[in-house]
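First up is the structure itself, then whatever we jot down about it.
The values are calculated or read from the model by the stated rules, or taken from the named source; none is laboratory data. Since this is a predicted model, take the numbers as computed values, not measurements. Note that each Cβ is placed from the backbone with ideal geometry, even for glycine, and that neighbours are counted across all protein chains shown. Keep in mind that these areas ignore ligands, DNA and RNA; they rest on the heavy atoms of the full protein, side chains included. Shrake-Rupley method; radii C 1.70, N 1.55, O 1.52, S 1.80 Å.
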Amino acid sequence: MDAFVELSAELTGFSAEELTSTGLVEQYRALADGASEAEIIQLWYTGVWRGVIPTERAYAEGLAWKAIGVSPPGSAAPGFGSWEQRPRRSAR
Amino acid sequence: MRAVVVGAGFAGSLVAKVLGDNGFRVLVLEAGAEPNEDAVSRFRTALVKSPLKPYRRTAAAPSSDYLINTGPYAYSSPYLRMNGGTGTAWTGITPRMRPDDFHAADVGRGRNWPWGYDVLEPYYRAAEWEIGIAADADEQRQHLPVADGYRYPMHALPRTYLDHAVASVVDGALVDGHELLVVGTPQARNGIPVPGYRLDGQRCAGFASCVPICPENAKYTPHRTQKQWSATVELRTRCVVNRVHADESGRVTKVSYQRYEDDTSGRHTRHSEEADVVVLAAHAIENAKLLLMSRLANSSDQVGRNLMDHPALLTWALMPQAVGPFRGPGSTTGIEAFRGGPDRARRAPFRIEIGNWGWGWAAGSPDSDTAEFVAAGLRGQALREAVGDRVSRQFALQFEIEQEADPENRVTLAADLDPLGNPRPSIHYGLSDYVKDGLLAAKRASDGIFELLGADDHTSYKPDEERYFEHDGEPLRYWGAGHSGGTHVMGTSPRDSVVDQWQRCWDHPNLYAVGCGSMPSLGTSNPSLTMAALALRTAEHLVSRAR
Ligand SMILES: Cc1cc2nc3c(=O)[nH]c(=O)nc-3n(C[C@H](O)[C@H](O)[C@H](O)COP(=O)(O)OP(=O)(O)OC[C@H]3O[C@@H](n4cnc5c(N)ncnc54)[C@H](O)[C@@H]3O)c2cc1C
Ligand code: SF4
């Protein structure tokens, strides 16, 4: 496994597969060269890199939302009335 | 009849439709540009997802961020100058006002309407069908008179999981002597239609971003109404009306406007248009500005005065269990028990929204929670669990406090000019003790509700935060709800009001000013449904006068 993914997994608590499935590894590897731990976590969790959200995907794949088990506002449509159901907790 | 409507926002689009359907030739002059196609994508990449962020802005027609605050408190309610107006970015919560809201002055607070709820009731029904409102009449009758046999065009939206969790605990309980009941909130959001109503757009699919964008077109916006305009309605965007002209008798003859092409500069050309009747529908603050710039309609000296909003109090807490916030609309129910009654004479009444988007508005969740846990040294699985546990249990209460009409709260013309050379609006705004007592009572009610729920209260207001103040030694804060009103107030006499019961300027027989600016009181209801009902009533009056 490559070092950036390994470090990211360790910091975020999300597995290498979960991180890879976001499709953001290459973009984030390039951005995060020389970044602090806190910056790497912020990027993965919220899609924010030094005050900017670089792409729509960075927002939509934010791990904070996955930790809650919901899609970020404006990114996906779970369906009419879905909000009435018992929340599913984050898949671990 | 040749009508000019100034502003293609919420009220203007409705009036233009009715006039167009009834044989008027209508020209709608709209200051803003056409909406941008990339609003959803701009929303997603906006760092702070505030209401105006995703939308196209032009230098020539600035939105509310060009207001100049001069008073003791900041007026912080936004509005949008783009085709469709603020009605594009709104939330879509549409309660009616209650009968006692029309008689605020009877308890010594603010102003009375020229008539009561009964006069507006048929227009409420018309507006609910025109806009497309999801609600259940029997449920609404628990706190409001709704005509017998009436059906809203769509069934009430399903409640959120959070609503059920709150209702199962608080229904029937007492807080500050008020019996609580969680009641569904009428919504301008597509649900399941009743027979006879045809859905326009998709059913609400739970994108949870209704303010400011609904990717599904499930939320009503004025663009829906514009699509239904007859061929006799002409829209011209990028046209900023800067003067209404009247002859010596007071009759309005024409409007002047400035047309621009470029989004980024004040370059423009000048034009004018004659009209038999002019309807100002430029939003409460811009209507007042335009009347002041035109030096019209102000024999009462009330133009721009009586500026109101709903100062909102937010409180936020954690439920004992996961409730799944950020799924579906922002609020599908509320607690209506504090909206009326004898308390109203002592302190401002309020309506409580049960907020389903976690601490997003109040505290910037989940980014803020993540930052907090990271700063505390959490990493890996511990971080993931902490964020998941915290945010899954978040909810908020949003209190809308009534603000009474006060002539000292006002819009005037600043000496500063915008890029077209028009004065920027200057706002002098304050909160009375009546409002502050209401905010404090709201905080107490919040304490009581959180205690009933066994919720862990995380509300805090800090002196270095915007709109912080103290009242009776208690820290408080208010937020702007976006509900600007009162600035061309309606009344029964030309001596102390700007428009009559038809929203016609007392001083000018063919000049109308429509919108929340006409409302003598806002009660505790989000005002746009009432505004729409008034607009339909005015349009009907114009049609019958032309016959
Ligand atoms: C974030 C937010 C959420 C809200 N949520 C709710 C809610 O849930 N429920 C509710 O009832 N209300 C809500 N509101 C309030 C609601 O949006 C307003 O009450 C409503 O849009 C006012 O309608 P209007 O037609 O007066 O103004 P607008 O909708 O703002 O339309 C005015 C139009 O006039 C144009 N215009 C302005 N100046 C000129 C000029 N000089 N010449 C030509 N055209 C001009 C503008 O560009 C605009 O298109 C919300 C507001 C905000 C900001
Ligand atoms: S919850 Fe989503 S689909 Fe429903 S109105 Fe809001 S943004 Fe539109």
Checking A:Leu31 against (1) touching a strand residue (DSSP E or B) at 6+ places or on another chain (Cβ under 7 Å); (2) under 21 Å from B:Ser365 (Cβ atoms); (3) open to solvent by 50 Å² or more (accessible area, probe 1.4 Å); (4) aliphatic (A, V, I, L, M), the condition it does not meet: (2)
Scan of region A:35-67 for residues that are hydrophobic (A, V, I, L, M, F, W, C) and in contact with a Phe, Trp or Tyr (Cβ under 6 Å, 6 or more places away or on another chain), ordered by number: A:Leu43, A:Ile53, A:Leu63, A:Ala64
Filter region B:160-189 down to the residues that are surrounded by fewer than 22 Cβ atoms within 10 Å (Cβ to Cβ) and of a type in the set (D, E, K, R), then identify the one that is nearest to A:Val70 (Cα to Cα). B:Asp171
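Results for (1) polar (S, T, N, Q); (2) in contact with a Pro (Cβ under 6 Å, 6 or more places away or on another chain); (3) within 30 Å of B:Leu440 (Cα to Cα); (4) away from ligand 1 (no atom under 16 Å from the Cβ), shown as yes or no for each residue.
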| position | (1), (2), (3), (4) |
| --- | --- |
| B:Asp171 | no, no, yes, yes |
| B:Trp229 | no, no, no, no |
| B:Glu234 | no, no, no, no |
| B:Asn242 | yes, no, no, no |
| B:Ala246 | no, no, no, yes |
Please find, among B:His245, B:His268, the residue that is over 24 Å from the mean Cα position of the chain (by Cα) and surrounded by 17 or more Cβ atoms within 10 Å (Cβ to Cβ). B:His268
Condition broken by B:Ala167, with the remaining ones in (1) over 15 Å from B:Thr332 (Cα atoms); (2) touching a residue at least 12 places away in the same chain (Cβ under 8 Å) satisfied: (1)
Within region B:106-129, residues surrounded by 18 or more Cβ atoms within 10 Å (Cβ to Cβ) and either in the same structural domain as B:Ala337 (by TED's automatic domain parsing) or under 20 Å from B:Asp496 (Cβ atoms) (or both) come out as B:Arg109, B:Gly110, B:Arg111, B:Trp113
Could you look through region B:417-442, keep only residues that are farther than 29 Å from B:Arg347 by Cα, out of contact with any Ser or Thr (no Cβ under 8 Å at 6 or more places or on another chain) and touching a residue at least 40 places away in the same chain (Cβ under 8 Å), and pick out the one that is surrounded by the most Cβ atoms within 10 Å (Cβ to Cβ)? B:Asn422
I'm told B:Ile192 meets every condition in (1) under 27 Å from the mean Cα position of the chain (by Cα); (2) surrounded by 19 or more Cβ atoms within 10 Å (Cβ to Cβ) except one. Can you identify the failing condition by its number? (2)
Looking at (1) touching a strand residue (DSSP E or B) at 6+ places or on another chain (Cβ under 6 Å); (2) open to solvent by less than 20 Å² (accessible area, probe 1.4 Å), which one does B:Ala337 not meet, given that it meets all the others? (2)
Just to check your reading of the model, which residue among A:Tyr45, A:Tyr59 is without any contact (Cβ under 8 Å) to a residue 24 or more places away in the chain and assigned to a helix (DSSP H, G or I)? A:Tyr59
If you check B:Ala11 against the conditions, is it closer than 26 Å to B:Ala208 by Cα, within 14 Å of chain A (Cβ to nearest Cβ) and small (Gly, Ala, Ser)? no
Looking for whichever is in contact with an Asp or Glu (Cβ under 7 Å, 6 or more places away or on another chain), more than 30 Å from B:Ala167 (Cα to Cα) and buried (at least 20 other Cβ atoms within 10 Å of the Cβ) here; the options are B:Ser497, B:Ser484. Which one fits? B:Ser484
Extreme residue, most open to solvent (accessible area, probe 1.4 Å), among residues of region B:197-227 that are more than 10 Å from ligand 2 (Cβ to nearest atom), at pLDDT 95 or above and out of contact with any Pro (no Cβ under 8 Å at 6 or more places or on another chain): B:Arg198
Considering region B:87-105 alone, what residues qualify as being in a loop (DSSP other than H, G, I, E, B) and either open to solvent by less than 30 Å² (accessible area, probe 1.4 Å) or in contact with a helix residue (DSSP H, G or I) (Cβ under 6 Å, 6 or more places away or on another chain) (or both)? B:Ala89, B:Gly92, B:Thr94, B:Pro95, B:Arg96, B:Met97
Filtered residue count, region A:61-86, keeping only those that are surrounded by 20 or more Cβ atoms within 10 Å (Cβ to Cβ), within 7 Å of chain B (Cβ to nearest Cβ) and touching a Lys or Arg at 6+ places or on another chain (Cβ under 8 Å): 7
Can you pull out the residues in region B:449-475 that are under 20 Å from B:Asp433 (Cα atoms) and in contact with a Phe, Trp or Tyr (Cβ under 6 Å, 6 or more places away or on another chain)? B:Tyr461, B:Arg467, B:Tyr468, B:Pro475
Of the residues in region B:59-86, those that are β-branched (Val, Ile, Thr) and either within 14 Å of chain A (Cβ to nearest Cβ) or surrounded by 23 or more Cβ atoms within 10 Å (Cβ to Cβ) (or both) number 1
Using the structure shown, decide if B:Gly110 is on the phi > 0 side of the Ramachandran plot and more than 20 Å from the chain's Cα centre (by Cα). no
Of all the residues that make up region B:152-189, how many are within 12 Å of chain A (Cβ to nearest Cβ), under 25 Å from the mean Cα position of the chain (by Cα) and either farther than 30 Å from B:Arg224 by Cβ or in a loop (DSSP other than H, G, I, E, B) (or both)? 6
For the subset of region B:359-397 comprising residues that are assigned to a loop (DSSP other than H, G, I, E, B) and facing chain A (nearest Cβ under 7 Å), which member is farthest from A:Glu18 (Cα to Cα)? B:Pro366
Looking only at region B:321-348, how many residues end up being aromatic (Phe, Trp, Tyr) and away from chain A (no Cβ under 14 Å)? 1
Considering each of B:Leu291, B:Leu235 in turn, give the residue that is open to solvent by less than 10 Å² (accessible area, probe 1.4 Å) and touching a residue at least 24 places away in the same chain (Cβ under 8 Å). B:Leu291
Taking B:Asn422 and the conditions (1) out of contact with any helix residue (DSSP H, G or I) (no Cβ under 8 Å at 6 or more places or on another chain); (2) more than 30 Å from B:Gly172 (Cα to Cα), which numbered condition does it fall short on, given that it satisfies the others? (1)
Is region B:231-243 home to any residue that is within 16 Å of ligand 2 (Cβ to nearest atom) and more than 30 Å from B:Leu413 (Cβ to Cβ)? no
If you go through region B:462-480, how many residues are farther than 19 Å from B:Gln403 by Cβ and either modelled with pLDDT under 95 or in a loop (DSSP other than H, G, I, E, B) (or both)? 5
